[in-house]
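The values are calculated or read from the model by the stated rules, or taken from the named source; none is laboratory data. In this text, all values refer to a predicted model and were calculated from it rather than measured experimentally. Cβ placement follows ideal geometry from the backbone for every residue including glycine, while neighbour counts extend to all protein chains displayed. Just the protein is used for accessible areas: all its heavy atoms, side chains included, with ligands, DNA and RNA removed. Shrake-Rupley method; radii C 1.70, N 1.55, O 1.52, S 1.80 Å.
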Amino acid sequence: MAASSPSLLLPLVSASRDGLSVKKNPNTSRHIVATRVKYELRNIPSETREHSCRFNSLSTRRDAMLLVLGVSGGLSMSTLAAYAAGLPPEDKPRLCEAECEKELENVPMVTTESGLQYKDIKVGRGPTPPVGFQVAANYVAMVPSGQIFDSSLEKGLPYLFRVGSGQVIKGLDEGILSMKAGGKRRLYIPGPLAFPKGLTSAPGRPRVAPNSPVVFDVSLEYIPGLESDEE
């Protein structure tokens, strides 16, 4: 059986209906960037070779990488800014794309007693999960600016956990408990219901400050054992 896939929600597995998971290599993004820098260094046009003499005076390898990528690749400022922040440019799958974002502006916001807020992207037609039941959900976790810091879509498998049992952050638990299978929802999770200790930054992942708000797009894919009740 494949090794369990790491998650930032809590130390659980990402699972398919067969219970399998895929291990993600945290060094992949760094390796890809380093490889591209080496390639670009070998292929800088002669008219820009004089820029290479600046490498010795740059304070960090990141500055050198930005110069190479910017000069020889013609990258946009937004792309360079992403690299400067230690992150690759955003090109990740989402549960709510541009058209969905526009429609979501007109969806009423629901606020619960705990302070959790949500908007339904799509109301499901299946059953609502009882507390303690396993659910299979896809999620895209973002900081308020919209930058993704975790996603089951990148892992390629829904996330399987027992809802309402404290196996994930409080805001996600509460948000899914009132969903129906087949539904999609955007959760605006306040700091106390998110990550009390925060999350450190990493290649491809922005820092999440302790007790800071986060946004989750989540789709409740199915509830094992209750699929037969879906319409």
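I'd like the full set of residues that are within 16 Å of PRO127 (Cβ to Cβ), surrounded by fewer than 20 Cβ atoms within 10 Å (Cβ to Cβ) and touching a strand residue (DSSP E or B) at 6+ places or on another chain (Cβ under 9 Å), limited to region 148-174.
ARG162
Take SER219 and decide whether it is surrounded by 21 or more Cβ atoms within 10 Å (Cβ to Cβ) and touching a residue at least 40 places away in the same chain (Cβ under 8 Å).
Spelling it out, SER219 is indeed surrounded by 21 or more Cβ atoms within 10 Å (Cβ to Cβ) and touching a residue at least 40 places away in the same chain (Cβ under 8 Å).
Residues that are touching a Pro at 6+ places or on another chain (Cβ under 9 Å) and touching a residue at least 60 places away in the same chain (Cβ under 8 Å): which strands (runs of 3 or more DSSP E) entirely in region 83-202 hold 2 or more of them?
Result: 117-122, 134-142, 184-189.
Any residue at all in region 121-136 that is surrounded by 22 or more Cβ atoms within 10 Å (Cβ to Cβ), in contact with a helix residue (DSSP H, G or I) (Cβ under 8 Å, 6 or more places away or on another chain), within 28 Å of ASP91 (Cβ to Cβ) and at pLDDT 95 or above?
No - not one qualifying residue is present in region 121-136.
Any idea which residue in region 175-192 is most open to solvent (accessible area, probe 1.4 Å), counting only those that are farther than 17 Å from LEU220 by Cβ and touching a strand residue (DSSP E or B) at 6+ places or on another chain (Cβ under 9 Å)?
TYR188
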